[in-house]
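Comments concern the structure below.
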Amino acid sequence: MRETTSILPLSAEDLSFEAGGKLLVSQLRFAIQRGGLTALLGPNGSGKSLTLRLCHGLIRPSAGRVAWGAEKGVLAGVKRHAMVFQKPVMLRRSARANIVHALAAAGVARAERQERAVAALARFGLDALSENPARLLSGGEQQRLAIARAWSLRPELLFLDEPCSQLDPGATRQIEEMLAALKAEGVTLVMATHDMAQARRIADRVLFLHRGRLVEDSPAASFFTAPASAEARAFIAGELLW
Ligand SMILES: Nc1ncnc2c1ncn2[C@@H]1O[C@H](COP(=O)(O)OP(=O)(O)OP(=O)(O)O)[C@@H](O)[C@H]1O
């Protein structure tokens, strides 16, 4: 049965991450409300992946925290967020079995797993690949499978870390269509990208990071037409930022 209580908003409260004596993510403060696609945009090394990993709980902040839900503490232990990585991680088994495995790991009852895996493949037009070894699928197919696998977990919030950076334009388009479908279903999306054109195509809101700091937090339309910061202006103008 689906949870009825929302894990959103997600609040990054002065989130920082330090490693090797360097402050790599510095005092981020933002909230993710329900719905829409938020792009974490910024040049290579600006801290986008680290920010997603902090939010998803893969690494622990050195200072600050990630808070969930309107009533803090109520949702402790409830994980309704999933993450899709730049390079999909697939087990040496069929596409369907990869989804079944993820469902088992998430604690879904055995009786439900096959049905949900088949439904996830069908939902994204991947039925024909169901019994193919996942690791032999093309990069684009693997990424579509990774998103279908994440969807099968029924996340309320999906983090995506540069999901298209290894893909050609055709495969990128298919992924963007999947993301549009997820958004239309009400899944909240937070995606790291350094691809400004992609953010322009699909983002509703932009969090612009530079050197581990949140420089700008704007609706996508105003970010691209009237960026407030010198760093964002330079990035949009195609100047090299690091
Ligand atoms: N565990 C770590 N220890 C030390 N440095 C790290 C660690 N993880 C990341 N970094 C460094 O932190 C910086 C930010 O990394 P991050 O992967 O978040 O950047 P990014 O914006 O996602 O970049 P890209 O677009 O290249 O993926 C980089 O300089 C990276 O080398």
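Data table
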quantity	calculated
Total formal charge among the other residues, if their Cβ is under 11 angstrom from that of Arg149, Lys/Arg +1 and Asp/Glu -1	+3
Kirkwood hydrodynamic radius of segment 145-242, from inverse mean 1/r over distinct Cα pairs, in Å	14.5
Estimated inter-spin distance, Asp217 and Gln27, nm [label 7 Å along Cα→Cβ]	1.4
Most fluctuating residue given options Gly20, Gly35, Gly212, as computed from a GNM of the chain linking Cα atoms under 10 Å	Gly20
Within a Gaussian network of the chain (alpha carbon springs, distance under 10 Å), most fluctuating of Asp217, Asp168, Asp127	Asp168
Computed [θ] at 222 nm, deg cm²/dmol, the chain (DSSP H ≥ 4; -39,500 (n - 2.57); rounded to nearest 500)	-10500 deg cm²/dmol
Relative contact order (%) - segment 1-58, alpha-carbon pairs under 8 angstrom, separation at least six	28
Pairwise label distance in nanometres, Glu18 with Ala111, each label 7 Å out on the Cα-Cβ vector	5.2
Residues Gln166 and Arg93, FRET efficiency given R0 of 25 Å [Cβ-Cβ distance, rounded to 0.05]	0.70
Relative packing of peptides 152-160, 61-69, 86-94 - highest average C-beta neighbours within 10 Å first	152-160, 61-69, 86-94
Rounded FRET efficiency, nearest 0.05, which uses the C-beta distance separating Ala237 from Asp204 and R0 of 22 Å	0.45
Between 0 and 90°, nearest 10: helix 169-185 axis offset from the chain longest Cα axis	90
Under 11 Å, Cβ to Cβ, from Gly36 - net charge with Lys/Arg +1 and Asp/Glu -1	+2
Contact order normalised by residue count of the chain, Cα under 8 Å, 6+ apart, percent	28
Net length gained if the chain between Ala226 and Ser130 were fully extended (0.36 nm per residue, minus Cα distance)	30.0 nm
All-pairs alpha carbon distance profile, the chain, 10 Å steps from 0, percent	7, 31, 35, 21, 5, 0
Virtual spin-label span in nm between Ala63 and Ala122, 7 Å along Cα→Cβ	5.3
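Values quoted throughout were computed directly from the atomic coordinates according to the rules given, and no laboratory measurement underlies them. Just so we're clear, the structure is a prediction, and the values are computed from it rather than from any experiment. Virtual Cβ from ideal backbone geometry, glycine too; neighbours counted across all protein chains shown.
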